[in-house]
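First comes the structure, then the notes that go with it.
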Amino acid sequence: MSFSIERYKEESRKLDTTGIDWAAVPASPLSKGDLFSLHYMMDIENHVPLYLSHLLVTRACMDPILTAFLACWNYEELWHGENLGKLLNLYGIEFDTQQRIANVRANLGFQNSVSILTTMLGSWLLKDFSAVYLTIGAINELSTLTGYGALIRKSGHPVLKDLLGRIIKDERRHYAFYFNSAKEWLTENEKAQRVDRWMLDRFWVPVGQGVKTQEEVDALALYLFDDEQGEEELLAIDEKIGRLPGLAGVKLMSRALYAARERRRQNPDWAWRLIENEEWAIAPPKKSPIGELTTRRTHASASAMSALEGM
Ligand SMILES: [Fe+2]
Ligand SMILES: [Fe+2]
């Protein structure tokens, strides 16, 4: 698996959706589990620009190859979220994308700022922080594309299959970048290997956790991977990440699945109730109305403002 940053810069572009049969979206059914997964995936794709703010405060960003990658990567991820939203809208699920994204972000609240600060501090204290960040990037991209593959299999929806197949090609390139960069950093660097392993064993969480709750993460994992093939796919992710120097035998994705199963064993309603009850809407934040956070005003308040200004 090779990766050339020069080639990536040349070839990076908005997801090509030419020829996707959008009109056929409503013709095939999507289950509640498919819809739950699609909302989760869309939200996490749309979260990338904010996730980027965590990366740009780290010492990893002293590396111009990394920042060149991030510049293109961020743009590609944007179109993944946009197109997943488009498919949901065409299927008949109504939401305003901008409003939804703003709600997701506003609900993170103070926790987001604390997280940026701790990432920044960790990166400046730990010389080998980049190794951790790059390894997590590799796991995230590989688990994302594996999740898309599982959703294609679960849903059997032809248009979704076409769309996700195209997105998966982007995710493969992202994975190749992170994996090769992590490998480069970790090779013959035992200290970095120890730091990486220590951090992953203690602090790693599946992609999306933090933006999504533990129960939402478990619902996605159990819907997509709680069968023989799904478990094998997660073990295969661990095996691939375990090929990085110092990470032999690491168990991350499979461990997350087993933990999700255990939580459901203790509470049989756990996770499935979210899918069954179609809990994929995003509630507006209790504090800080979106207008205040984004400086955008609702029509009502905008006209009230202009009336005041005219006085
Ligand atoms: Fe993506
Ligand atoms: Fe990606």
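Stokes-Einstein, applied to the Kirkwood radius of the chain over Cα pairs at a viscosity of 1.306 mPa s and 10 °C, places its translational diffusion at 76 µm² s⁻¹. For the stretch 70-161, GluC sites (Glu not before Pro) meeting the loop criterion (DSSP other than H, G, I, E, B) and having at most 16 other Cβ atoms within 10 Å: E94. Karplus-based coupling profile of the stretch 31-36, in residue order and whole Hz: 6, 4, x, 4, 5, 4, with θ = phi - 60° in 6.51 cos²θ - 1.76 cosθ + 1.60 and x standing for Gly or Pro.
Hey, with R₀ at 41 Å, roughly what FRET efficiency would S31 and R202 work out to, going by the Cβ-Cβ distance, to 0.05? The computed FRET efficiency comes out at 0.70.
The Rg/Rh ratio of the stretch 78-192, with both radii computed over alpha carbons and Rh defined as the Kirkwood radius, is 1.07. Take the chain and mark each of the trypsin sites (Lys or Arg not before Pro) that is in a DSSP loop with at most 14 other Cβ atoms within 10 Å; the longest unmarked stretch, sites excluded, is 128-242. Residues in the stretch 176-190 carry Karplus couplings, in order, of 4, 4, 5, 4, 5, 5, 5, 4, 4, 5, 7, 4, 6, 9, 5 Hz; the curve used is 6.51 cos²θ - 1.76 cosθ + 1.60 with θ = phi - 60°, and Gly or Pro positions show x. Put the Cα centre of the stretch 115-191 next to the Cα centre of the stretch 1-78 and the gap is 11 Å.
Too long at a 32 Å Cα-Cα cut-off: which of K86/K183; K9/K32; K161/K240; K32/K287; K9/K183; K191/K251? The pairs that break the limit, which is 32 Å between Cα atoms, are K86/K183; K9/K32. Loop-resident GluC sites (Glu not before Pro) (DSSP state other than H, G, I, E or B) in the stretch 145-245 with no more than 16 further Cβ atoms inside 10 Å of their Cβ: E188. Full extension of the segment from T97 to E228, taken as 0.36 nm per residue of separation minus the current Cα-Cα distance, would add 43.6 nm.
FYI, it's all coordinate maths here, none of it is from the lab. Owing to the predicted nature of the structure, the values given are computational and were not obtained by experimental measurement. Note that each Cβ is placed from the backbone with ideal geometry, even for glycine, and that neighbours are counted across all protein chains shown.
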